[in-house]
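Only the coordinates and a few stated rules stand behind these numbers; no lab work does. Every value quoted in this text rests on a predicted model; they were computed, and no experiment measured them. Neighbour counts are summed over all protein chains in view; Cβ atoms, including those assigned to glycine, are modelled from backbone coordinates with ideal geometry.
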């Protein structure tokens, strides 16, 4: 039972929860070099892995009959019969309770964010996934809640820690961009069977998605740019050099557009990042530059 349950938690999708560590990366109090801060953040990451895993189990239970007819999804533990319905329900309840208890122990903000994340996904699974535009917005808000949870988990160590509204807006725009790109690839991949794969795809068209992704890509770049040059950010980090990370953000978004339009990738954003070396190098360079600007400049290493 353990192996089928673990597989149903979609461990490959846990990379999405890495956004919780953004609070460490953008902390102005030197928390990036604090062992306690890392322990708290790792605990928060594992808690959200449990929460997101319970959401996947919930989705598998809700879409069981449809998944049994799907050429790929029928191989998942629940549709294939490797995991029984009672076992899946028991695992869902246990993992959800343990995750929420862990969130409660970490901090009040983290718990409320984690609970909000689960309730949002509950609404998505049973209603909002069939409402055009709101389906993608729900997914994007999930990323914003993850980023907020990263701040919440560090509140016990640094009560004054916060995350810029500009950075949250940039996260929202980027997540919506990725979500719509995923919808586009689903339309392209499944063609006439797209509706069988996901009902909401009947409400989208490639041309409409292309217009929206162009708008959201621009908004993601603009909001991130405003974040790097805002007086609040410069005062917080005592540096105006975060602007140097903008070209990497632009390249990352344009590279992703290249992959979905030319290479016809994008059905699974996590796999795209894990398999595309230029994107990986660009992301690594972005992280290194942020660390140099925010943290090493305080030590006089990047003045």
**Prompt:** Among 220-229, 136-145, what's the highest-first ranking by average C-beta atoms within 10 angstrom per residue?
**Reply:** 136-145, 220-229
**For the chain, alpha-carbon Rg and Dmax in angstrom** = 19.9, 60
**Request:** Treat region 164-303 as a sphere of radius equal to its Kirkwood radius over Cα pairs and apply Stokes-Einstein at 10 °C in a medium of 1.306 mPa s; give the translational diffusion coefficient in µm²/s, rounded to a whole number.
**Result:** 97
**Asked** If packing is taken as the mean number of other Cβ atoms within 10 Å per residue, what is the order of 80-88, 12-20, highest first?
**Response** 12-20, 80-88
**Message:** Place a point 7 Å from the Cα of residue 235 along the Cα-to-Cβ direction; which residues of region 12-46 have their backbone N under 18 Å from it?
**Reply:** 27-29
**Fill in**
When the chain is treated as a Gaussian network with springs between alpha carbons less than 10 Å apart, the largest mean-square fluctuation among 160, 179, 108 is found at 160
**Message:** Need the full-extension length gain, residue 15 to residue 130, defined as separation in residues times 0.36 nm minus the C-alpha distance. One decimal, nm.
**Reply:** 38.9 nm
**Request:** Return the single residue from 200, 250, 281 with maximal mean-square fluctuation; model: Gaussian network over the chain, springs between Cα atoms under 10 Å.
**Result:** 281
**Request:** With r as the distance between the Cβ atoms of residue 62 and residue 271 and R0 = 30 Å, compute the FRET efficiency 1/(1 + (r/R0)^6) and round to 0.05.
**Result:** 0.80
**Asked** If you look at just the Cα atoms of region 69-201, how large are its Rg and its Dmax in Å?
**Response** 17.7, 53
**Fill in**
Ranked by GNM mean-square fluctuation in the chain (Cα springs under 10 Å), the top entry among 100, 122, 57 is 122
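Evaluate the relative contact order of region 1-162 (contact order divided by residue number), counting alpha-carbon pairs under 8 angstrom at least 6 apart; express in whole percent.
After rounding, I find 31 percent.
Calculated FRET efficiency, residue 112 and residue 33, Cβ-Cβ r, R0 30 Å, to nearest 0.05? Spell out each step's value before the answer.
Working: r = 28 Å, r/R0 = 0.94.
Step by step, r from the Cβ atoms, then E = 0.60.
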**Item:** Mean ellipticity per residue at 222 nm, deg cm²/dmol - from DSSP H runs of n ≥ 4 across the chain, formula -39500 (n - 2.57)
**Value:** -22500 deg cm²/dmol
**Item:** Rounded FRET efficiency, nearest 0.05, which uses the C-beta distance separating residue 218 from residue 72 and R0 of 41 Å
**Value:** 0.75
